[in-house]
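The values are calculated or read from the model by the stated rules, or taken from the named source; none is laboratory data. All values derive from a computational prediction rather than experimental measurement. As a convention, Cβ positions derive from the backbone with ideal geometry for all residues, glycine included, and neighbour counts pool all protein chains shown.
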Amino acid sequence: MRIETTIQGVHAALAPARAARKSIAFIPTMGNLHAGHLRLVQEARNRADVVVVSIFVNPTQFGVGEDFEAYPRTLEADSQLLFEAECDILFAPAVAQMYASLPQYTSVQVNEIANDLCGKNRPGHFTGVATVVTKLFNIVQPRMAFFGEKDFQQLAVIRHLARDLCFPIEVVGVPTVRAADGLALSSRNGYLNELERRQAPALYATLQTISAALLAGQRDYAALEQHATEHLNGLGFVTDYVAIRTPWLALSDNTTTEWVVLAAAKLGKTRLIDNISVRLPLDVNSSASQPVNA
Ligand code: PAF
């Protein structure tokens, strides 16, 4: 595995693969890798000739008072894991390599959906994500890019930006990897204390309850969202949102059978997010076919 810290280094490392028309898969990360990230690498390894992973804790996606400084940086351990997972190139740039100046003159703004859900409480977050992913796409120029479905809104933002900006890149969503008790793996789980760690799986359990209610025919989305919020708050979470949406988080879609239930809630100082996908029969007369976030 080659480790590159400069954009030029990545270009040089990828030049032979490009000349030989090999397929390049890319996984952008912020490091502190866990089994969820390694699943992305595995999927990429299965599908492409060359696997590139980036590790970059991107300052522009952290708001004031968020955990940019505290975010776990474990490059040595991450490099070892990536080597074992047969990653070909690790790109681990410093901030100055990615941002010649901050703030930049240019940023990538994905309208509407970036300001919904997590975006409401984290203004500018998805602009930071969309901007750095655009830069990374331009640096690596992969044929496909892999993202975890745990960060569902992020995945939707990236699908929109890849389509809207005509990137010739297949954006692949990979299912969430969970602990045995259901908690979605996340680098931020390390912030949970012992008690919070025991409470945390209730977030996914609540999403499963909503999924079961939808499958049983319940279509009063607002009531389901409200009830779940109250339930989580009663368990000690501070719930940001529970929301039922379409997979692209589109403004409206009255033809879809695919739905996703998303939630974000704080447990102590740790913000947890999770989601569950549900396939429902198409029922044009029910509220399930109405625009849900118009
Ligand atoms: O999901 C992450 O780790 C980050 O948001 C990403 C996509 C690497 C952009 O910094």
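Just one of the listed residues (ASN189, ASN121) is among the polar types (S, T, N, Q) and modelled with pLDDT under 95, and it is ASN121.
Would you confirm whether or not the stretch 235-252 contains a residue that is at pLDDT below 95 and farther than 18 Å from GLN154 by Cα? Checking the stretch 235-252: at least one residue is at pLDDT below 95 and farther than 18 Å from GLN154 by Cα.
Here the condition is being among the hydrophobic types (A, V, I, L, M, F, W, C), over 13 Å from the mean Cα position of the chain (by Cα) and either modelled with pLDDT of 95 or more or within 12 Å of the ligand (Cβ to nearest atom) (or both); of ALA180, ALA184, it holds for ALA180 alone.
Of all residue pairs spaced 6 or more apart or on separate chains, none has beta-carbon atoms under 8 Å together with a first member in the stretch 80-105 that is farther than 27 Å from ALA35 by Cβ and in contact (Cβ under 8 Å) with a residue 24 or more places away in the chain and a second member that is crowded, with 17+ Cβ neighbours inside 10 Å and among the small types (Gly, Ala, Ser). Considering every residue within the stretch 38-60, establish whether at least one is more than 30 Å from LEU183 (Cα to Cα), among the hydrophobic types (A, V, I, L, M, F, W, C) and either near the ligand (Cβ under 10 Å from one of its atoms) or without any contact (Cβ under 8 Å) to a residue 40 or more places away in the chain (or both). Checked the stretch 38-60: at least one residue is more than 30 Å from LEU183 (Cα to Cα), among the hydrophobic types (A, V, I, L, M, F, W, C) and either near the ligand (Cβ under 10 Å from one of its atoms) or without any contact (Cβ under 8 Å) to a residue 40 or more places away in the chain (or both). Taken as a whole, the stretch 5-17 holds no residue that is touching a helix residue (DSSP H, G or I) at 6+ places or on another chain (Cβ under 8 Å), of a type outside the set (Lys, Arg) and within 14 Å of the ligand (Cβ to nearest atom).
Pairing each residue of the stretch 131-150 that is closer than 30 Å to LEU183 by Cα and within 12 Å of the ligand (Cβ to nearest atom) with any residue that is outside any strand (DSSP E or B) and among the acidic types (Asp, Glu), provided the two are 6+ apart or on different chains, yields C-beta distances under 9 Å for PHE146/GLU43. The residues of the stretch 215-252 that are of a type in the set (Val, Ile, Thr) and surrounded by fewer than 17 Cβ atoms within 10 Å (Cβ to Cβ) amount to a single one, VAL238. Residues that are in contact with a His (Cβ under 6 Å, 6 or more places away or on another chain) and surrounded by 14 or more Cβ atoms within 10 Å (Cβ to Cβ) number at least 1 in the following strands (runs of 3 or more DSSP E) confined to the stretch 1-96: 24-29. Of everything listed in (1) under 21 Å from the mean Cα position of the chain (by Cα); (2) of a type outside the set (S, T, N, Q); (3) more than 12 Å from the ligand (Cβ to nearest atom), the single unmet condition for PHE91 is (3).
Among the conditions (1) within 12 Å of the ligand (Cβ to nearest atom); (2) part of a helix (DSSP H, G or I); (3) surrounded by fewer than 23 Cβ atoms within 10 Å (Cβ to Cβ), PHE126 misses just one, which is (3). Being at pLDDT 95 or above and within 18 Å of HIS34 (Cα to Cα) holds for only one residue in VAL52, VAL157, VAL133, and it is VAL52.
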